[in-house]
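A quick write-up on the structure given underneath.
The values are calculated or read from the model by the stated rules, or taken from the named source; none is laboratory data. Note that the structure is a prediction, hence the values are computed from the model and not measured. Note that each Cβ is placed from the backbone with ideal geometry, even for glycine, and that neighbours are counted across all protein chains shown. SASA here: full protein model, heavy atoms, side chains in, ligands and nucleic acids out. Shrake-Rupley method; radii C 1.70, N 1.55, O 1.52, S 1.80 Å.
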Amino acid sequence: MQTEEEQIAELKDWWQRNGKPLLTGGVLALAVVFGWQAWQKYQTNHAQGASILYQQLLETTLTPSGTPDAAKVAELAGKLKSEFAGSHYAQYGSLFVAKVAVEAGKLDDAAAELKTVLDKPADDTLAELARQRLARVLAAQGKAEDALKLLEGDADKAFAASREELKGDFLVQLGRADEAHAAYQKAKAALPEDAAVGGLQMKIDDLAKGDA
């Protein structure tokens, strides 16, 4: 292993032989390195700021009643959107805001919040979470057909079971028992072998009793 002195001497020798022709390139390289470091630092600080705001948003539920302060939620969510637009934290914040809206019975507000995530999701997971939650909200508004349309196509394997179960729920709501049964069976088949299927199995059994 070279000593520090040997490394320095080697660098000096290299510079004598190659320094002048590469001076411009070296300056540019240093600018890139330091620029990249500055960008990484900015990104880290940016993420930390978003994380702090998101944590504060979650902590709005830590009240004696467990009901978050609507004004505080709106303030923090607004900051997340304006200062960290499009980030994962901002979009998870939107999912939280939608949840609060649902709990307050404000389904139109919840739907609007979820649509903003679904329009430009930060990743596929957020897209599917927003899609399934928006479908639930639409069904609760009496728009089960619209909810089903939103769930058309195949989902990623990790979300296939939950999506098919939702389809089954909406089909039951529409009185289409045979299709609902098929959706529930598809949901069950998409689950890992060791997964708990109690609630889903009850839905399947209830449909079977109805047929009987």
**Asked** Could you give every pair whose Cβ atoms fall below 6 Å, whose first residue belongs to region 94-119 and is within 12 Å of LEU138 (Cβ to Cβ), and whose second residue is open to solvent by 30 Å² or more (accessible area, probe 1.4 Å) and not in a helix (DSSP H, G or I), counting only separations of at least 6 or pairs across chains?
**Response** LEU107/GLN141
**Request:** Filter region 79-95 for residues that are in a helix (DSSP H, G or I) and surrounded by 13 or more Cβ atoms within 10 Å (Cβ to Cβ) and give the result.
**Result:** LYS79, LEU80, LYS81, GLU83, HIS88, TYR89, ALA90, GLN91, TYR92, GLY93, SER94, LEU95
**Prompt:** Looking at region 166-212, which of its residues are in a loop (DSSP other than H, G, I, E, B), within 28 Å of ASP124 (Cα to Cα) and hydrophobic (A, V, I, L, M, F, W, C)?
**Reply:** LEU191, ALA195, ALA196, VAL197
